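The values are calculated or read from the model by the stated rules, or taken from the named source; none is laboratory data. Given the structure is predicted, the values throughout are model-derived calculations rather than measurements. Cβ placement follows ideal geometry from the backbone for every residue including glycine, while neighbour counts extend to all protein chains displayed. The protein model used for the area step is the full one, side chains on, heavy atoms only, and it has no ligands, DNA or RNA in it. Shrake-Rupley method; radii C 1.70, N 1.55, O 1.52, S 1.80 Å.
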Amino acid sequence: LKEFGDNGTQPSYSGEAKNGMPDGMGIMNFPNGSKYIGEWKSGKKHGLGTLTFLKGHRAGEKFVGEFKNGNRNGEGTLTRPEGKVESGRWENSRLVA
């Protein structure tokens, strides 16, 4: 288990790591108010995870699904704060089907 970062100025991470980078299961809190809980590979969101925006212009937005190389890729569901739901296949963080 590895922990690093300062929540106020840089991302803070708690979870599995390899070569000083997130790798495996972990949680990262970002200074912009977003939080990612899920799988990592070589320092990037990769695998199944949940990305939640807790403050800012995207506050209340939540994506649950697959990530690849840091982007939403694969099956997933994006729920917007007003209740709109976008579900299906994602490529490079865009809904395609």
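Remarks
- Heavy-atom surface analysis with a 1.4 Å probe gives the chain a carbon and sulfur content of 48 percent of its accessible area.
- Extension gain, Met21 to Lys44: 0.36 nm times the residue separation minus the Cα-Cα distance gives 7.4 nm.
- Lysine pair count for the chain (Cα-Cα distance under 16 Å; residues 8 or more apart in sequence or on different chains): 15.
- Taking label positions 7 Å along the Cα-Cβ direction at both Glu82 and Lys68, the computed distance is 3.1 nm, reported to one decimal.
- For the stretch 1-91, trypsin sites (Lys or Arg not before Pro) meeting the loop criterion (DSSP other than H, G, I, E, B) and having at most 16 other Cβ atoms within 10 Å: Lys55, Arg58, Lys84.
- Normalised per residue, the accessible area of the chain is 61 Å², obtained with a 1.4 Å probe and no contribution from ligands, DNA or RNA.
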